[in-house]
Amino acid sequence: MDFRKIEEKWQNVWEKEKRFEVKNLEPNKQNAYILIEFPYPSGKGLHTGHVRSYSALDAVARKKRMQGYNVLFPMGCDAFGLEAERTAIKEHKLPQEIVARNIATFKEQLKMVGLSVDWSREISTCDPDYYKWTQWQFLQFYKHGLAEKQETNVNWCPNCGVLANEEVEGGYCCQCHSEVQQKTKAQWILKMTKYADRLLEDLKDTDYMEHIKTSQINWIGKSEGEKVTFQIKQGGTFDIFTTCIETIYGITFMVLAPEHPLVKKLKDKIENYAEVEAYVNEAKKKSDFERSELNKGKSGVCLKGITAINPANGKEVPVYLGDFVLASYGSGAVMAVPSHDQRDYEFAKEHGIDFIKVIEGNNEPTGCAYEKQDYLGANAKLINSEEFSGLIVEDAKKKIAEKLEKMGVAEKQVNFKMRDWVFSRQRYWGEPIPMVYCEHCGWQPVDEKDLPITLPQVESYEPTIDGESPLSLITDWVNTTCPKCGKPAKRETDTMPGWAGSSWYFMRYCDPKNDKEFASMDALKSWLPVDLYNGGNEHTTRHLLYARFWNKFLYDIGLSPVSEPFKSRISQGLVLGSNGVKMSKSLGNVVDPREVIKEYGADSLRVWEAFMGDYFQSVNWSDDGVKACNKFITKVYNFQDILVDGDEYSKELSVAMHTAIKKVTNDIDNIKFNTAIAALMILANEVQKVGKINKAEYKTLLLLLNPFAPHITEEVWTNQNFEPHIKDATWPVWDESKLVKDEIEYAIQINNKIIAREMFGTKLTNAEIEKQALENEKVKNAMAGKTFVKAIIIPNRLINIIAK
RNA sequence: GCCGAAGUGGUGAAACUGGCAGACGCACUGGACUCAAAAUCCAGCGAUGGCAACAUCGUGCGGGUUCGACUCCCGCCUUCGGCACCA
């Protein structure tokens with residue numbers, strides 16, 4: 001049988017009759033939105049790993065359609081980004097060309113797989129009709145005070161200029177492997193931290209896989225504690241943030257970030273200012289990598305002549321600068337309690353500072369700090385803490401906070417690890433940020449009617465040496481007029497990060513051709529929230545945060561109908577190369593689905609990828625299984641030779657049919673494709689044993705297999721002129737009553753050892769089962785000389801007789 | 001270091017809510033069909049001992065709970081992902 005020919009035939013039919021195009025509303029149908037993270041069209045094309053998730057979600061979409069849902073299953077390309085730009089530079093072509101070429105390859109590959117995608121809704125983030133709305137949405141962020149130009153640190157490579165975080169690998173540039181440094185630069189940021197609480201809170205309304213939820217929670221990193229104000233004896237104050245206020249009597253020093261503004265303010269009072277200044281400069285030069293990775297040794301310098309006063313007991317303690325303290329978190333200063341914090345412990349050791357122990361418990365470790373994760377909940381008590389000594393830690397925490405709050409030197413504070421979203425990239429291949437700088441009016445948003453601000457097509461777009469965007473060199477493009485006063489002004493030359501376009505693409509699918517708005521409220525209402533969202537694990541955390549944030553903002557300004565865009569989120573396991581490592585061109589272990597499809601057909605590939613293992617677990621690619629699945633499909637195809645008449649399930653196959661329907665239906669719903677295929681194989685084996693299959697049975701088998709092997713099932717269906725047309729056929733349903741058996745085999749155990757197996761009526765009571773079991777010959781023999789104690793009966797499974 | 005996912009035959013893996021471990025495949029072995037091969041079909045297939053019926057062991061390691069543990073609890077080991085001084 002020529003699989004390819006059959007598959008091409010049906011793919012063409014589907015395309016011609018626009019089989020999978022959907023309207024936003026369909027009378028008497030419920031909508032379902034099945035979404036797969038759109039691919040980044042890299043030059044490598046798709047590998048068999050992509051096919052795993054695409055065909056899996058396609059199976060879900062196809063089944064839902066047969067169950068009577070109006071299903072949106074769209075596809076597009078996340079086309080802006082560094083890789084296309086880099087490839088373009090290497091090949092001396094325009095990114096536009098590279099992307100067009102890559103998208104063409106992707107589509108060819110995708111179409112060969114036979115996905116039931118509504119291609120009329122295809123989008124690409126680098127299409128001006130699309131990014132016009134990305135820019136428009138940026139303007140809304142700006143107009144609502146959520147976009148702002150701020151001085152922030154950027155990653156800086158001496159060769160390549162400004163780098164995105166994604167380009168920094170372990171402190172080195174991913175391209176030229178130079179050491180990455182930090183540089184302060186004005187950047188656009190989106191104030192995502194304003195949404196931190198809601199991004200955390202609203203997770204409760206979602207049904208993400210547990211580990212995905214956890215990583216959202218960890219990334220947001222909420223911590224609750226106290227902000228405490230410390231007086232400096234020599235004048236001035238500063239705040240610190242702590243989650244361990246109970247250790248305040250254990251403070252023996254304070255540490256400020258090197259960037260802390262107090263350093264300059266106290267200049268005259270610091271006796272060793274030269275040394276301090278040198279340290280600050282040194283810290284500035286260091287990359288984040290050095291500051292974190294290489295410098296666990298806790299470098300620091302004492303501010304001589306400066307002391308801080310512990311508000312709890314009035315004690316004076318020295319103040320240090322230390323670059324382990326991050327200026328960007330909390331208030332850039334910490335209280336140091338070396339007895340109860342490991343970092344403080346190491347710093348104190350390094351610099352010869354005192355320790356004061358303030359907590360005593362019975363699980364104290366030796367040779368390191370006794371930290372909160374150990375003493376909390378361990379019934380530990382305070383010592384050396386004046387009136388709080390003797391209190392249980394948990395009580396002391398409350399009481400000390402109360403005291404300091406009453407004194408007016410402390411207040412409750414919540415901090416987040418999550419930062420605002422640095423939204424500028426000094427790159428060519430991204431959405432231009434639609435802002436104009438005017439000497440008279442400052443930053444001005446581009447007039448909405450002038451959108452999109454398109455990327456100029458230019459010869460040279462390589463990153464500049466000074467770290468400015470390549471767009472800055474294109475003076476024609478840069479020079480414009482101020483939208484406010486009309487005088488000459490300059491365009492913002494930074495572009496948006498790759499994450500921008502992907503933060504709202506699922507909305508555009510709902511209304512992809514709309515040129516009045518990014519999507520109409522009606523269209524959005526009919527599809528959102530996404531019912532099932534699948535994507536790779538690698539960037540789930542950040543993508544979800546960005547997309548959720550973006551949507552929440554649109555929701556707040558009345559442009560999105562839902563506060564959470566995705567009802568559920570799952571992630572497929574990777575398909576690794578046959579050697580157990582990630583597929584990559586350089587390792588030569590990439591398997592192109594086209595090769596497999598040419599040899600065995602798309603249906604075999606799809607069935608195999610469903611069957612190869614648990615969808616959420618990674619697997620090594622092997623094509624042994626493709627052959628097996630091809631065999632299975634051929635077997636089903638050949639059932640045409642043993643087809644007989646019959647509009648009802650035959651007696652011989654009735655139980656097998658209903659069992660399979662139930663199993664396949666539930667397994668697809670529960671994303672257990674491997675066992676769904678196994679159930680179909682079992683059914684096929686049953687048919688083979690019986691030696692014939694009737695129409696009703698064959699139709700059901702074909703429909704159950706259709707989500708996984710859509711081509712061959714439609715081929716057989718059409719060959720046999722089955723009614724109605726397969727596109728109007730409905731998903732089979734099982735009859736639970738047909739699964740009820742009169743008798744079931746039980747295993748009979750005595751003291752957990754299986755002694756016998758016997759059929760038992762399913763209507764028997766436990767007492768009757770026990771009686772019958774004890775009458776079994778083998779049981780009787782085994783019970784000789786033993787005394788019956790009791791019997792444990794697990795319905796339909798086993799009887800365990802306990803005997804002495 | 002922290003967080004997350006995982007560890008079951010020669011191999012990919014199943015196992016509902018704690019209830020007969022290894023479903024369904026692959027590979028392998030034997031057989032049927034064939035001049036032969038391929039394809040297909042039938043049978044076997046965790047380990048050890050035994051001619052056998054059968055017995056003992058067996059889900060990374062060590063403990064525990066339970067009549068009963070791949071599954072729950074405690075303590076480890078290994079692999080893979082993510083994050084990295086977050087006060």
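The values are calculated or read from the model by the stated rules, or taken from the named source; none is laboratory data. Everything numeric here is computed off the predicted structure, so don't read it as measured data. So basically every Cβ, Gly included, is an ideal-geometry build from the backbone, and we count neighbours across all protein chains shown. Note: areas computed on protein heavy atoms with side chains; ligands, DNA, RNA excluded. Shrake-Rupley method; radii C 1.70, N 1.55, O 1.52, S 1.80 Å.
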task: Confirm whether A:LYS285 is out of contact with any strand residue (DSSP E or B) (no Cβ under 9 Å at 6 or more places or on another chain) and away from RNA strand B (no atom under 14 Å from the Cβ).
output: no
- prompt: closer than 30 Å to A:LEU382 by Cα, crowded, with 21+ Cβ neighbours inside 10 Å and not hydrophobic (A, V, I, L, M, F, W, C) - does that describe any residue in the stretch A:253-263?
  reply: no
statement: A:ASN579: passes all of (1) within 30 Å of A:ILE633 (Cβ to Cβ); (2) at pLDDT 90 or above but (2)
statement: Those residues of the stretch A:547-561 that are in a loop (DSSP other than H, G, I, E, B) and either modelled with pLDDT under 95 or of a type in the set (A, V, I, L, M) (or both) come to a total of 2
- request: Would you please list the contacts, defined by Cβ atoms under 7 Å and residues six or more apart or on different chains, that run from a residue in the stretch A:661-680 that is at positive phi to a residue that is among the aromatic types (Phe, Trp, Tyr)?
  value: A:ILE671/A:TYR615
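So which residues in the stretch A:609-658 are among the aromatic types (Phe, Trp, Tyr), in a helix (DSSP H, G or I) and in contact (Cβ under 8 Å) with a residue 60 or more places away in the chain?
Within the stretch A:609-658, the subset among the aromatic types (Phe, Trp, Tyr) is A:611, A:615-616, A:621, A:632, A:637, A:639, A:649.
With the extra rule that they be in a helix (DSSP H, G or I), the set shrinks to A:611, A:632, A:637, A:639.
Once the filter is applied, which keeps residues that are among the aromatic types (Phe, Trp, Tyr), in a helix (DSSP H, G or I) and in contact (Cβ under 8 Å) with a residue 60 or more places away in the chain, the stretch A:609-658 yields A:PHE611, A:TYR637, A:PHE639.
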query: What number of residues in the stretch A:358-381 are outside any loop (DSSP other than H, G, I, E, B) and either modelled with pLDDT of 85 or more or surrounded by 12 or more Cβ atoms within 10 Å (Cβ to Cβ) (or both)?
result: 6
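One line per residue, one yes/no per condition, for (1) near RNA strand B (Cβ under 8 Å from one of its atoms); (2) in a helix (DSSP H, G or I); (3) buried (at least 20 other Cβ atoms within 10 Å of the Cβ):
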site: A:GLN216; (1), (2), (3): no, yes, yes
site: A:TRP219; (1), (2), (3): yes, yes, no
site: A:LYS227; (1), (2), (3): no, no, no
site: A:GLN234; (1), (2), (3): no, no, no
site: A:THR247; (1), (2), (3): no, yes, yes
- request: Working only within the stretch A:671-688, note down all residues that are part of a helix (DSSP H, G or I) and more than 6 Å from RNA strand B (Cβ to nearest atom).
  value: A:PHE673, A:ALA676, A:ILE677, A:ALA679, A:LEU680, A:LEU683, A:ALA684, A:GLU686, A:VAL687
query: If you scan the stretch A:692-716, which residues turn out to be of a type in the set (Ser, Thr, Tyr) and farther than 10 Å from A:PHE639 by Cβ?
result: A:THR700, A:THR713
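With the structure loaded, tell me whether A:PHE423 is closer than 30 Å to A:LEU545 by Cα and either open to solvent by less than 50 Å² (accessible area, probe 1.4 Å) or touching a strand residue (DSSP E or B) at 6+ places or on another chain (Cβ under 6 Å) (or both) or whether it fails that test. Give the derivation first.
Working: closer than 30 Å to A:LEU545 by Cα: yes; either open to solvent by less than 50 Å² (accessible area, probe 1.4 Å) or touching a strand residue (DSSP E or B) at 6+ places or on another chain (Cβ under 6 Å) (or both): yes.
It is true that A:PHE423 is closer than 30 Å to A:LEU545 by Cα and either open to solvent by less than 50 Å² (accessible area, probe 1.4 Å) or touching a strand residue (DSSP E or B) at 6+ places or on another chain (Cβ under 6 Å) (or both).
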Filter result (assigned to a helix (DSSP H, G or I) and in contact (Cβ under 8 Å) with a residue 60 or more places away in the chain) within the stretch A:82-107: A:LEU82, A:ALA84, A:GLU85, A:ARG86, A:ALA88, A:ILE89, A:PRO95, A:GLN96, A:ASN102, A:ILE103, A:THR105, A:PHE106
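Out of A:GLN135, A:GLN67, A:GLN140, report the one residue that is open to solvent by less than 10 Å² (accessible area, probe 1.4 Å), modelled with pLDDT of 95 or more and either charged (D, E, K, R) or over 23 Å from the mean Cα position of the chain (by Cα) (or both). If you could, list the steps in order and put the result at the bottom.
Values: A:GLN67 fails: open to solvent by less than 10 Å² (accessible area, probe 1.4 Å); A:GLN140 fails: open to solvent by less than 10 Å² (accessible area, probe 1.4 Å).
Only one candidate qualifies: A:GLN135.
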field: Scan of the stretch A:650-681 for residues that are more than 25 Å from A:ASN534 (Cα to Cα), surrounded by fewer than 17 Cβ atoms within 10 Å (Cβ to Cβ) and either at pLDDT 95 or above or small (Gly, Ala, Ser) (or both), ordered by number
entry: A:SER650, A:SER654
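Every residue, every condition in (1) part of a loop (DSSP other than H, G, I, E, B); (2) open to solvent by 70 Å² or more (accessible area, probe 1.4 Å), yes or no:
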| residue | (1), (2) |
| --- | --- |
| A:GLY430 | yes, no |
| A:GLN444 | no, no |
| A:THR454 | yes, no |
| A:GLU459 | yes, yes |
| A:SER472 | no, no |
task: Return the total of residues in the stretch A:1-52 being in contact (Cβ under 8 Å) with a residue 24 or more places away in the chain, of a type in the set (D, E, K, R), in a loop (DSSP other than H, G, I, E, B) and open to solvent by 50 Å² or more (accessible area, probe 1.4 Å).
output: 6
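Kindly evaluate A:LEU643 against the criterion of being of a type outside the set (Phe, Trp, Tyr), more than 11 Å from RNA strand B (Cβ to nearest atom) and either open to solvent by 70 Å² or more (accessible area, probe 1.4 Å) or within 30 Å of A:LYS741 (Cβ to Cβ) (or both).
Numbers: of a type outside the set (Phe, Trp, Tyr): yes; more than 11 Å from RNA strand B (Cβ to nearest atom): yes; either open to solvent by 70 Å² or more (accessible area, probe 1.4 Å) or within 30 Å of A:LYS741 (Cβ to Cβ) (or both): yes.
Spelling it out, A:LEU643 is indeed of a type outside the set (Phe, Trp, Tyr), more than 11 Å from RNA strand B (Cβ to nearest atom) and either open to solvent by 70 Å² or more (accessible area, probe 1.4 Å) or within 30 Å of A:LYS741 (Cβ to Cβ) (or both).
Would you mind stating whether A:LYS349 is among the basic types (Lys, Arg), within 15 Å of RNA strand B (Cβ to nearest atom) and over 36 Å from the mean Cα position of the chain (by Cα)? Lay out the reasoning, then the answer.
Numbers: among the basic types (Lys, Arg): yes; within 15 Å of RNA strand B (Cβ to nearest atom): yes; over 36 Å from the mean Cα position of the chain (by Cα): yes.
Judged against the criteria, A:LYS349 is a match.
Any residue at all in the stretch A:695-708 that is out of contact with any helix residue (DSSP H, G or I) (no Cβ under 8 Å at 6 or more places or on another chain), over 22 Å from A:PHE3 (Cα atoms) and in contact (Cβ under 8 Å) with a residue 12 or more places away in the chain? I'd like the intermediate steps shown before the answer.
In the first step, residues of the stretch A:695-708 are kept if they are out of contact with any helix residue (DSSP H, G or I) (no Cβ under 8 Å at 6 or more places or on another chain); the result is A:695-696.
Now narrow it down to the ones that are over 22 Å from A:PHE3 (Cα atoms): A:695-696.
Those still in the list that are in contact (Cβ under 8 Å) with a residue 12 or more places away in the chain too: A:695-696.
Yes, the stretch A:695-708 contains at least one residue that is out of contact with any helix residue (DSSP H, G or I) (no Cβ under 8 Å at 6 or more places or on another chain), over 22 Å from A:PHE3 (Cα atoms) and in contact (Cβ under 8 Å) with a residue 12 or more places away in the chain.
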- prompt: Restricting the stretch A:547-588 to residues that are open to solvent by 20 Å² or more (accessible area, probe 1.4 Å), hydroxyl-bearing (Ser, Thr, Tyr) and farther than 18 Å from A:ASP623 by Cα, which is farthest from RNA strand B (Cβ to nearest atom)?
  reply: A:TYR555
- request: List every residue pair whose Cβ atoms sit under 8 Å apart, with the two residues 6 or more apart in sequence or on different chains, where the first one lies in the stretch A:303-314 and is under 18 Å from A:VAL358 (Cα atoms) and the second, anywhere, is among the hydroxyl-bearing types (Ser, Thr, Tyr).
  value: A:ASN310/A:TYR249; A:PRO311/A:THR229; A:ALA312/A:TYR249; A:ASN313/A:TYR249
- line: Scanning the stretch A:778-804 for residues that are open to solvent by 90 Å² or more (accessible area, probe 1.4 Å) and in contact (Cβ under 8 Å) with a residue 40 or more places away in the chain gives A:ARG797
Which listed residue, of A:ALA283, A:ALA308, is crowded, with 21+ Cβ neighbours inside 10 Å, more than 25 Å from A:THR366 (Cα to Cα), at pLDDT below 95 and among the hydrophobic types (A, V, I, L, M, F, W, C): A:ALA283
- request: Identify all residues within the stretch A:517-546 that are within 16 Å of RNA strand B (Cβ to nearest atom) and assigned to a helix (DSSP H, G or I); write none if there are none.
  value: A:THR540, A:THR541, A:ARG542, A:HIS543, A:LEU544, A:LEU545, A:TYR546
